[in-house]
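Just below is one structure, and these are the notes that go with it.
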């Protein structure tokens, strides 16, 4: 009987340990149970039990509408274009791809995932949701990531059809004068697809559908 109980205990522990290291960020596809192309109803079912709040809206070129929601105070944020998920973001450390995600070193993400320095293609065709590579010579100053007005540029895993998995980073151990930091770690991960050529902010969100 003791041997049976021990076997059951081990059987119960092993899957939990395995799930802790399972990749839940799927580049170009989605994060966890939320996938690009899902409707709001499908995302609500996938994240059932989590608090949902409207975050903002935009009117896009071509008459399209962008609406964004957050769940559990930014555990997830999902942007919908004409009712389909086009941007999925998370601040959760447990969401990983090959063991990397929020909290990971920027340079480790680049080395292990083949990520490249990137920027939003705001002035290019297909700007909404589209990211483009930044050449290495335009990304460094004094051997460190170049500091911009809003910090350092993110790094991306660029996929087919313009899809991107974007790792936004923040500095740690920073010099208050030079603004340079010893390292940069991931703060948020986005999975996105191109969805428009141009956009302008319309308003914040009271009308968003529930």
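The values are calculated or read from the model by the stated rules, or taken from the named source; none is laboratory data. Predicted, not measured: the structure shown is a model, and the values here were computed from it. Using ideal geometry, Cβ is built from the backbone for each residue, glycine included, and neighbour counts are taken over all protein chains shown.
Structure notes:
Yes/no per residue for (1) modelled with pLDDT under 60; (2) closer than 25 Å to residue 54 by Cβ; (3) more than 22 Å from the chain's Cα centre (by Cα):
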{"position": "149", "(1), (2), (3)": "yes, no, no"}
{"position": "162", "(1), (2), (3)": "no, no, no"}
{"position": "166", "(1), (2), (3)": "no, yes, no"}
{"position": "171", "(1), (2), (3)": "no, no, no"}
{"position": "175", "(1), (2), (3)": "no, no, yes"}
{"position": "180", "(1), (2), (3)": "no, no, yes"}
{"position": "195", "(1), (2), (3)": "no, yes, no"}
{"position": "200", "(1), (2), (3)": "yes, yes, no"}
{"position": "204", "(1), (2), (3)": "yes, yes, no"}
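- Just one of the listed residues (36, 60) is within 14 Å of residue 128 (Cβ to Cβ), modelled with pLDDT of 95 or more and in contact with a strand residue (DSSP E or B) (Cβ under 8 Å, 6 or more places away or on another chain), and it is 36.
- Residue 55 outside any helix (DSSP H, G or I), in contact (Cβ under 8 Å) with a residue 60 or more places away in the chain and under 17 Å from the mean Cα position of the chain (by Cα): yes
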